[in-house]
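FYI, it's all coordinate maths here, none of it is from the lab. The model shown is predicted, which means the values in this text are computed figures rather than measured ones. Because the Cβ atoms are built from the backbone with ideal geometry, glycine has one as well, and the counts that use them run over all protein chains shown.
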Amino acid sequence: MLVVGSMLINALDFVGIAIMFSSIDSLGGFGLREIALLYGATGIGIGVADTLIGSVERIGEFVRTGRLDQMLTKPVPLLVQVCADRFTLRRLGRITQATAVLVWALPVVDWTLSRVLVAAVMVLSASALFFGLFVLFSCVQFWTTDASEFANAFTYGGNTLTQYPLTVFPRELAIALTIVLPIAFVNWYPCLYLLGRSDPFGLPEWLQFCSPLAAAVVVAAALLVWRTGVRRYTSTGS
């Protein structure tokens, strides 16, 4: 029941987008099925990451209550324990709903073998990118103790941002989401290739194949910050 409830709640996001198209033909130059392609890719990405690592957002709670001390005494990597804490199948609802939207959008692509490979890599890279973002920004709580909403601004906020074509935003934001915080690689660049579109901001077309590289950089940075945070942790003292 929780899975179904989660799926229906998340479905309202796309229903809102579909309602907009009752009075418009395109949004930022993209049709409804094209936006569904973007929506499905980012939805699956954050859904998989949230299922695997969503509990890392509670690291501040673990620090405050001393629960982290208990975890550190166990012969299991700390990040694995955090991933497994309060694991719930409710989060599968988001993945199921996003997958349904993505399947509905597939006919908009003129499929070739290269596009099939890019689509598969896009979903894997999106999951890895969000995984890295969850860990990276949740690590702030090692220093602030309670800043879970700060992490949410980049994880769930990033998901909301990438549900829409970046053409509805200023060019400066698109560049920032490419160079500073590479959320654009979650779905924007791979989908441009899948749809046979050139970059509307005039950026190099080879960026459309760089999602795995962006994911690797973000995950590596996240693990480095995680390791630094764990090393500086000195217990609650209680």
- Query: Can you sort W104, W188, W206 by how many other beta carbons sit within 10 Å, fewest first?
  - Reply: W206, W104, W188
- Inter-centroid distance (Cα atoms) of segment 59-99 relative to segment 1-49, Å: 27 Å
- Go ahead and estimate [θ] at 222 nm for the chain from helices alone: -39,500 (n - 2.57) per DSSP H run with n ≥ 4, summed, over the residue count, rounded to 500. -21000 deg cm²/dmol
- Top positive-direction residue, dipole computed over the chain with Cβ charges, set L173, L79, L133: L79
- Note on the structure: Checked segment 1-84 with the C-alpha gyration tensor, a ≥ b ≥ c its square-rooted eigenvalues, rounded below a/c of 1.5, otherwise prolate if a/b is larger than b/c and oblate if not; verdict prolate
- Item | For segment 122-238: rounded, prolate or oblate by the Cα gyration tensor [a/c cutoff 1.5] | prolate
- Message: Suppose every Lys and Arg Cβ carries +1 and every Asp and Glu Cβ carries -1, with no other charges. What dipole size does segment 2-232 come out with about its Cα centre, to the nearest 20 debye?
- Response: 640 debye
- Using alpha carbon centers only, segment 191-238 is separated from segment 171-190 by a whole-angstrom value of 10 Å
